[in-house]
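Structure record follows, encoded as structure tokens.
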Amino acid sequence: MAIVSVVPKQLRTIVVDLTPVLPGGENGGAKVFILELLRRLSEHAPQTQFVLLTQAASHEELAALDAANMRRVMVLDHANPPIVRRLGTRLTNAVLRRLPGRSKRVLQRTINQLRPMLRAPSQSVIRGLKADLLFCPFTAPTYFEIGVPTVSIIYDLQYKTYPEFFPEAEIAQRDRTFVEAMRRSTALVAISEYTRQAVIRHGGVDPALIKTIHLQVSQHILHVAAGDESILARLQLAAGQYLIYPANFWKHKNHEMLLTAFGIARRNGLDADIRLVCTGAPGERQRWLKRAAEALGLGDHVLFPGYLADAELLALITASAGMIFPSLYEGFGLPVIEAMATGTPVACSNVTSLPEVAGDAAILFDPRKPDDIAKAMISLASDKALTARMVESGRERAKQFSRSELMAEQYLDVFKLAVGLEHGSDILIGVHPDGWMGPTLALQFSASTLTRTVNFEIAIPEWVPIKNITTSFLRRDKQFKKQAISRGASTIVSIPLPPEGGHFDVNIAPTFIPAQNGHGGDNRDLSAILVRCYIEGANAERIVLYPEALAI
């Protein structure tokens, strides 16, 4: 990605991809942050329309965001459309096989006319909404369309640092999302400077196009929130007589080392009445940690209360002797700031983003050394002078991360930057991984001082039921080149690229569906095969777009 030109443009419509949002707390802290950000964006940009793309499962829950300039559009319903489309295709194939030639052709033409309405929404929804910008707060630019500036948030690159914590398939998926965000986003936001530097290092991103915007927690929300103090009685806990670690039981949260350190602390002078509370959703790993605590002789001193409602968790944090946070990896570390805002002393890891977030308002320790964690636990529980200073400095530190209005202003600045830039990456979309093309392609190309040409080598196999196809090249919906290709032939179409960069579309017609013509169960809408596509420069530079393109 590179800066090409800056031209002021108006932000009339911003489309926000909220399709990853799940009901309840399944998205963790990211969901809380994003909802707060959207409320503030709506307030700070009253002339901009925000269109929220949702899925059926969370569509109604997100109604709380509705405002004069913010509305929801449901684009995913996992319960219905895929099944309906598959069933419809099977029925259509069965009917077509039994119809005479003329009737079969008429029905096939009707189906082809209706088919665009059944395609995945990512192929048309953004332009249909006349978006000036696509905002992807969950990183993946799923609804990316060439010609529409895109901003994505990067939370962390944990899979790069600790690949051993992830299954191979998840590493591949995370890496694919990261690569697509790098190539398709016009500008990026990192939630910490630590994350920003990691993205620059691993993604080769122009530093000018990725901005650090820290998470901000509205202190108003924390101050008016009511804690459910009955949770202490239910868990048989006394205020000030326990340490708390609010985290799910993912491996990078480092619970094994925490249990080891707790045992060391008890042997080294920690008050015998001090207990350790580890909240988080139940599961196999939680059960394994319970067994580990029992094996260490800590079964009566470590509590695993499971997933707690916000009010219960707030009460537990506020009444604790302190928060212990031994995570090995954080993109930000929001619980640290939340605890500080409630006047709870914090001890946390000195790695990744945590020193950046905690500053000098927390006891810092090496999370890989149980003796260091143990010392921090003893200090939290018994050093009253130190914890008093931590509480005071923690409240001041939390104020620096409580300006959600500033966060909204910073995001709007990034949005304005993005719409003023021409994307600097060369991208081809619309090609299936096996080389088959559908009815459309789209090419985005960067600016260059060199004379450059893009070359498409296209072929039509002998067996296809189409005698020839026509490729029409359009820029701003106006055709500037047309090429016919016959069945059984291949050809190379060369297009000179203007120096200022830009994009154009390719329409390919007619198309066919192999399954409806006796060729297996392939129900894709296909046209021809793209053998290769590359940009060639006057200096013999060659940029291969396919087979190395981002295919969709």
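Do we have any residue at all in segment 451-467 that's of a type in the set (Gly, Ala, Ser) and closer than 24 Å to Gly147 by Cβ? Within segment 451-467 (the criterion being of a type in the set (Gly, Ala, Ser) and closer than 24 Å to Gly147 by Cβ), the answer is no, since none of the residues qualifies. Quick check on my filter: what residues within segment 9-40 are acidic (Asp, Glu) and open to solvent by less than 20 Å² (accessible area, probe 1.4 Å)? Within segment 9-40, Asp17, Glu36 meet the criteria.
Among the residues of segment 124-138, just one is in contact (Cβ under 8 Å) with a residue 40 or more places away in the chain and either among the hydroxyl-bearing types (Ser, Thr, Tyr) or open to solvent by 60 Å² or more (accessible area, probe 1.4 Å) (or both), namely Lys130. Note on segment 306-318: among residues that are surrounded by 20 or more Cβ atoms within 10 Å (Cβ to Cβ) and touching a Gly at 6+ places or on another chain (Cβ under 7 Å), the one that is nearest to Ala281 (Cα to Cα) is Leu314. One residue stands out among those in segment 478-493 that are under 27 Å from Ser124 (Cα atoms) and open to solvent by 40 Å² or more (accessible area, probe 1.4 Å): the one that is farthest from the chain's Cα centre (by Cα), which is Ala484. Please verify whether Ala265 is open to solvent by less than 60 Å² (accessible area, probe 1.4 Å), within 21 Å of Leu328 (Cα to Cα) and at pLDDT 95 or above, treating the condition exactly as stated. The answer is yes for Ala265. Would you confirm whether any residue within segment 509-520 is part of a helix (DSSP H, G or I), in contact (Cβ under 8 Å) with a residue 12 or more places away in the chain and open to solvent by 20 Å² or more (accessible area, probe 1.4 Å)? Checked against the condition, which is being part of a helix (DSSP H, G or I), in contact (Cβ under 8 Å) with a residue 12 or more places away in the chain and open to solvent by 20 Å² or more (accessible area, probe 1.4 Å), segment 509-520 yields at least one hit. Annotation for segment 445-454: no member residue is open to solvent by 30 Å² or more (accessible area, probe 1.4 Å) and free of Cβ contacts under 8 Å to residues at least 12 places away in the same chain. Selection of segment 248-262 for residues being surrounded by fewer than 19 Cβ atoms within 10 Å (Cβ to Cβ) and either of a type in the set (Ser, Thr, Tyr) or within 18 Å of Ala309 (Cα to Cα) (or both) yields Asn248, Thr260. Here Tyr194 fulfils each of the conditions (1) under 14 Å from the mean Cα position of the chain (by Cα); (2) within 27 Å of Phe401 (Cα to Cα) apart from (1). On the given criteria, is Ile337 surrounded by 22 or more Cβ atoms within 10 Å (Cβ to Cβ), β-branched (Val, Ile, Thr) and part of a helix (DSSP H, G or I)? It is true that Ile337 is surrounded by 22 or more Cβ atoms within 10 Å (Cβ to Cβ), β-branched (Val, Ile, Thr) and part of a helix (DSSP H, G or I).
Taking Arg196 as the residue in question, decide whether it is crowded, with 19+ Cβ neighbours inside 10 Å, touching a strand residue (DSSP E or B) at 6+ places or on another chain (Cβ under 8 Å) and modelled with pLDDT under 95. Answer is no for this residue. Within this structure, Phe415 passes the test of being buried (at least 21 other Cβ atoms within 10 Å of the Cβ), at pLDDT 95 or above and aromatic (Phe, Trp, Tyr).
Screening segment 154-178 for residues that are among the aliphatic types (A, V, I, L, M) and free of Cβ contacts under 8 Å to residues at least 40 places away in the same chain and picking the one that is farthest from Tyr411 (Cα to Cα) gives Ala169.
Of all residues being open to solvent by less than 40 Å² (accessible area, probe 1.4 Å) and over 30 Å from Ala265 (Cα atoms) in segment 213-244, which is modelled with the lowest pLDDT? Just the residue, please. Restricting to residues being open to solvent by less than 40 Å² (accessible area, probe 1.4 Å) and over 30 Å from Ala265 (Cα atoms), the top hit is Leu222. Among the residues of segment 40-58, those that are touching a helix residue (DSSP H, G or I) at 6+ places or on another chain (Cβ under 8 Å) and touching a residue at least 40 places away in the same chain (Cβ under 8 Å) comprise Arg40, Leu41, Glu43, His44, Ala45, Leu53.
Note on segment 390-401: residues that are in a loop (DSSP other than H, G, I, E, B) and crowded, with 21+ Cβ neighbours inside 10 Å amount to 1.
Every condition in (1) closer than 25 Å to Val148 by Cβ; (2) open to solvent by less than 50 Å² (accessible area, probe 1.4 Å); (3) free of Cβ contacts under 8 Å to residues at least 24 places away in the same chain; (4) not basic (Lys, Arg) is met by Val544 except one, and the failing one is (2). Could you look through segment 348-362, keep only residues that are farther than 14 Å from His214 by Cα and either within 23 Å of the chain's Cα centre (by Cα) or of a type outside the set (Ser, Thr, Tyr) (or both), and pick out the one that is most open to solvent (accessible area, probe 1.4 Å)? By that ranking, first place goes to Asp360.
Tallying residues that are without any contact (Cβ under 8 Å) to a residue 12 or more places away in the chain and either within 18 Å of Asp383 (Cβ to Cβ) or open to solvent by less than 60 Å² (accessible area, probe 1.4 Å) (or both) within segment 268-300 yields 2.
The values are calculated or read from the model by the stated rules, or taken from the named source; none is laboratory data. Everything numeric here is computed off the predicted structure, so don't read it as measured data. All Cβ positions, glycine included, derive from the backbone under ideal geometry; neighbour counts span all protein chains shown. With ligands, DNA and RNA removed, areas are computed over all heavy atoms of the protein, side chains included. Shrake-Rupley method; radii C 1.70, N 1.55, O 1.52, S 1.80 Å.
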